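Everything below concerns the one structure shown next.
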Amino acid sequence: MFIAHLPAGYIAGTLVERLAARFGYDTPRRLTAVTLLASVLPDFDLLWFYLVDQRQHLHHTYWTHIPVFWVALGIVAALIALAIRRRDALPYIGAVTLGTLLHIVLDTVAGGIHWLYPLSSVETRWVEVPSVYGWWIANFVLHWSFALELILLGIAIWLHPRFASRVIAFWRRSP
Ligand SMILES: [Zn+2]
């Protein structure tokens, strides 16, 4: 996935914010920001991939792209928060877990993810993108699965309050 992680994070963050507001949480905007950041967090491993690992291993094999890592981290963090009586941290822990797992779900569309690790090293990929063009990025951007990224981008733009209100204002002005 190339361009849709942040838009998907924004969509998820908006849902989290509305849910948090419904439950009387007083700073739901912060949860949107945390979900947004978490939705791109796993790809910070690209720094390691390029600067340290010298592109020796696919970055989807790093722990940052292993689902069980984020699930385990979320459970441990939640247990610690409960043990030290900081229930107010739970929505943030949930937002990080949701954002990172959403990232990995979207990476599963065309990139391999080890969903069953450590039980199995099998790699899950929903769509096989054939290598047609010399420039590898063109293979993904010109594949039909890229439409999913454009749809997510479109939904995120639509959800953005200023953008949506401008479009509605434009329609109202139109004869
Ligand atoms: Zn990724």
Residues being modelled with pLDDT under 90, of a type in the set (Gly, Ala, Ser) and part of a helix (DSSP H, G or I): count how many of those fall in region 129-175.
4
Matching residues, region 93-128, being assigned to a loop (DSSP other than H, G, I, E, B), surrounded by fewer than 18 Cβ atoms within 10 Å (Cβ to Cβ) and aliphatic (A, V, I, L, M):
116, 119, 122, 127
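The values are calculated or read from the model by the stated rules, or taken from the named source; none is laboratory data. Everything quoted here is computed from the prediction, not taken from an experiment. Counting neighbours? That spans all protein chains shown, and the Cβs are built from the backbone with ideal geometry, glycine included.
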